[in-house]
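Quick notes on the structure that follows.
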Amino acid sequence: MTRLASAFAKAHPALVAFVTAGDPTPAATPALLDALVAGRADVIELGMPFTDPMADGPAIQAANIRSLSAGTTTADILSIARGFRARHPDVPLVLMGYANPMLRRGPDWFAAAIAEAGVDGVICVDVPPEEDDALGPALRNAGVDLIRLATPTTDVARLPAVMAGASGFVYYVSVAGITGLQQAAQASIEEAVQRLKAGTDLPVAVGFGVRTPDQAAAIARVADGVVVGSAIVEIVAEHGPAAAPHVTDYVRSLKSAIETSRIPV
């Protein structure tokens, strides 16, 4: 069983927590990743900074700028991943980002490099499944999960294409917009999760706009996982290199809410 499969099997629902690599600096990122683990996040999502993060809202856009201004490179991200894997051998680590940094040296190089660094999965925002003739095959050959995105506009007709070659889990983007600014109505999330589960056996994790423990708990009642990113990144923006304990406290509050979400009243 892969680390991702094990995490979703053990922690149901799972908490997927995001920070941007190199924000505020590459040297500060390991402590933030450790803070996510200390807060009992089940899956760690590490953003690869990019100059044009089209799917991201102001908080993560600013994190990308801070990271790139600090000089973060792909080599830094690989080093951060290796260190994380050495410290946390059982916690899944997923890279999230855009095609340009992933494909710059070729898909085979990227897949081999992240596999060697201990990365479990990749979310690539801007390569639609119908056009994925390079990255997906390379990741699968390297034993790295390709995590597909589904959105409110992913209808039943397109769902098989989205699921083709997907593994790890399915990330349901609950709003047709950018990260961090709004949250979908709970009823629409429930309907979407049911639709996705009818088309795949993979766990379905829901993200975009999740900020409070109550929101996380509500999603956890119907989904296999809850993804939180912008709210954590805002804590990093506020506290900088001293953010780790604040991140731990916040993530722990989310995890506690998720754990109690399915306890019968």
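Structural remarks
- Each 5 Å bin from zero holds the following percent of Cα-Cα pairs in the stretch 209-265: 4, 21, 28, 20, 14, 8, 4, 1, 0.
- In terms of its C-alpha gyration tensor, the chain comes out rounded, because the ratio a/c of the largest to the smallest axis stays below 1.5.
- 9 Å beta-carbon shell around Tyr98, net charge (K/R +1, D/E -1): -2
- Local electrostatic count, Leu46, Cβ distance below 13 Å [Lys/Arg +1, Asp/Glu -1]: -3
- Of Gly136, Gly121, Gly240, the one that fluctuates the most in a GNM where the chain has Cα springs shorter than 10 Å: Gly240
- Estimated 222 nm signal from helices in the chain, with DSSP H stretches of n ≥ 4 weighted -39500 (n - 2.57), rounded to 500: -13000 deg cm²/dmol
- Highest-MSF residue in the chain out of Ser230, Ser79, Ser174 [GNM, Cα springs under 10 Å]: Ser79
- Dimensions in Å of the stretch 1-159 - Rg and Dmax from alpha carbons: 15.1, 45
- Summing charges over all other residues whose Cβ lies under 10 Å from the Cβ of Ile258, with Lys and Arg as +1 and Asp and Glu as -1, gives +2.
- Alpha-carbon gyration tensor eigenvalues x 5, square-rooted, for the stretch 118-243, Å: 25, 20, 13
- The stretch 111-264 - charge dipole about Cα centre, Lys and Arg +1 at Cβ, Asp and Glu -1, debye rounded to 20: 420
Values quoted throughout were computed directly from the atomic coordinates according to the rules given, and no laboratory measurement underlies them. Keep in mind it's a predicted model, so treat the numbers as computed, not measured. Don't worry about glycine lacking a Cβ; one is built from the backbone with ideal geometry, like all the others, and counts go over all protein chains shown.
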